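The structure appears right after this line, and notes come after that.
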Amino acid sequence: MRSLIDIKDLSVKELDELCKTACDIIKHPKKYENKCKGKKLAALFFEPSTRTRLSFTAAMMELGGNVIGFSGASSSSSAKGESVADTCKVVSNFADIIAIRHPKDGAALSAALVSNIPIINAGDGMHAHPTQTLADLLTIYREMGRFNNLTIGMCGDLKYGRTVHSLTHAMSRYKNIKLVLISPKELRMPNYVINDIIKKNHMPYKEVTSLEDNIKDLDILYMTRIQRERFFDPKQYERLKNSYVLTVDKLKKAKKNLRILHPLPRVNEISVKVDDDPRAAYFRQTLNGKYIRMALILKLLDIAKKNPKREPLFDQKKVRYDLKCTNVRCISSVNVEHEHKFVPTSKKGEYKCVYCEQAIKK
């Protein structure tokens, strides 16, 4: 049995296979309409979601399965103090697969360590959002016809934006990918992404603050929302919220075959007048999300059927329990029953939390 916690859990071969399956679903929907007959997906959403939750629901229903779950923490036993691990352990008795969204980093891994059925991370805090990345990849493939030889601009909130972190992970596997990181200095890409992913994989990149000066070079423009809910300081959010707004005028400098992606929801970072431009792919991107989640559900259920035993999620022999995670967003900092667990990174003397991947030196 396998779970999907982070996009790096999938090999390039598996990413390509999922995209291939999704494309086949698009072409031959009738072939798949009863693939999950008698199966149940538990959609456990501890924080608000529209696209991801409904996308998972539609995906399972179009495969012939059923959906149970909740759409807010207040309607679950977490309101009574139940841990996310206990919730998922109980729900695994009622369903065949779980999709979980939670505001704390590492919540999905916490669930996967105890669940008797596959867990799909539908977004855990500012850590990862692998199924959004799968939707991004399918969109890039369908729009551009390739994954290699692309210049990708990531614009907006690169600090708290889990979607850009996961997409960077995914694109680091492909050839000749250049990154243009466009953000205010306060919201620049975290050092661990730059050092452990971009530099480690020798990806050409530059950090800039101007969208207008760099849009002409891009094949993909990935816009992101400045996320109010990720800020501790409301004044900082108010100061930065309108840093970038993509308009029709700014697109005049862009390539004719540019494609604009956005994980949505948008606030005002893309003008509604851009929606009619054929380069705007973000609504097609949401539809691709349904198809790729259908492919993922099929893959994980098939693996669980062949091997119901839970696969290890990290090397237990290398775990250290004497270190403490200082990330206040980490699930291990919230629940006292979560043991702090660290594993070594590739750097000498450095360890990272297995839940949120925050690194510390020892």
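The values are calculated or read from the model by the stated rules, or taken from the named source; none is laboratory data. Just so we're clear, the structure is a prediction, and the values are computed from it rather than from any experiment. Ideal geometry is used to build each Cβ from the backbone, glycine not excepted, and the neighbour counts take in all protein chains shown.
With the structure loaded, tell me whether residue 298 is closer than 30 Å to residue 217 by Cα and not β-branched (Val, Ile, Thr) or whether it fails that test. No; evaluated as a whole, the condition is false for this residue.
Scanning the range 303-361 for residues that are in contact with a Gly (Cβ under 7 Å, 6 or more places away or on another chain) and free of Cβ contacts under 8 Å to residues at least 40 places away in the same chain returns a single hit, 361. Scanning the range 133-149 turns up at least one residue that is more than 23 Å from residue 120 (Cα to Cα), touching a Phe, Trp or Tyr at 6+ places or on another chain (Cβ under 6 Å), surrounded by fewer than 19 Cβ atoms within 10 Å (Cβ to Cβ) and not hydroxyl-bearing (Ser, Thr, Tyr).
Considered as a group, the residues in the range 311-344 that are at pLDDT 90 or above and among the hydroxyl-bearing types (Ser, Thr, Tyr) include one that is farthest from residue 118 (Cα to Cα), and that residue is 326.
With respect to the stated conditions, residue 119 is more than 13 Å from the chain's Cα centre (by Cα) and crowded, with 24+ Cβ neighbours inside 10 Å. Which residue is farthest from residue 299 (Cα to Cα), if the candidates are limited to the range 96-118 and must be out of contact with any helix residue (DSSP H, G or I) (no Cβ under 6 Å at 6 or more places or on another chain) and assigned to a loop (DSSP other than H, G, I, E, B)? So the residue we want is 103.
Of 263, 308, all but one fail to be surrounded by 20 or more Cβ atoms within 10 Å (Cβ to Cβ) and modelled with pLDDT under 95; the exception is 263.
Restricting attention to the range 35-51, does a residue exist that is crowded, with 22+ Cβ neighbours inside 10 Å, touching a strand residue (DSSP E or B) at 6+ places or on another chain (Cβ under 9 Å) and of a type in the set (Ser, Thr, Tyr)? No, the range 35-51 contains no residue that is crowded, with 22+ Cβ neighbours inside 10 Å, touching a strand residue (DSSP E or B) at 6+ places or on another chain (Cβ under 9 Å) and of a type in the set (Ser, Thr, Tyr). Residues that are farther than 17 Å from residue 261 by Cα and hydrophobic (A, V, I, L, M, F, W, C) were ranked within the range 281-298; the one that is nearest to the chain's Cα centre (by Cα) is 296. Please find, within the range 277-292, the residue that is surrounded by the fewest Cβ atoms within 10 Å (Cβ to Cβ) out of those that are under 29 Å from residue 122 (Cα atoms) and free of Cβ contacts under 8 Å to residues at least 60 places away in the same chain. The selected residue is 278.
The condition of being in contact with a Leu (Cβ under 7 Å, 6 or more places away or on another chain), assigned to a helix (DSSP H, G or I) and not assigned by TED's automatic domain parsing to the domain that holds residue 332 holds for only one of 36, 19, that being 19.
Would you confirm whether or not the range 52-61 contains a residue that is modelled with pLDDT under 95, within 30 Å of residue 262 (Cβ to Cβ), in contact with a Leu (Cβ under 8 Å, 6 or more places away or on another chain) and assigned by TED's automatic domain parsing to the domain that holds residue 117? Looking through the range 52-61, none of the residues is modelled with pLDDT under 95, within 30 Å of residue 262 (Cβ to Cβ), in contact with a Leu (Cβ under 8 Å, 6 or more places away or on another chain) and assigned by TED's automatic domain parsing to the domain that holds residue 117.
Scan the range 128-152 for residues that are in a loop (DSSP other than H, G, I, E, B) and under 16 Å from residue 166 (Cβ atoms) and jot them down. Within the range 128-152, 129, 147 qualify.
Among (1) within 19 Å of residue 89 (Cα to Cα); (2) touching a strand residue (DSSP E or B) at 6+ places or on another chain (Cβ under 8 Å); (3) part of a loop (DSSP other than H, G, I, E, B), which single condition is residue 121 missing? So residue 121 meets the others, but not (3).
Would you call residue 93 surrounded by fewer than 24 Cβ atoms within 10 Å (Cβ to Cβ), without any contact (Cβ under 8 Å) to a residue 24 or more places away in the chain and assigned to a loop (DSSP other than H, G, I, E, B)? Yes; evaluated as a whole, the condition is true for this residue. Close contacts from the range 167-193, counting a first residue that is within 15 Å of residue 210 (Cβ to Cβ) and without any contact (Cβ under 8 Å) to a residue 60 or more places away in the chain and a second that is part of a strand (DSSP E or B) and small (Gly, Ala, Ser), with Cβ to Cβ under 7 Å and a gap of 6+ residues or different chains, come to 180/153.
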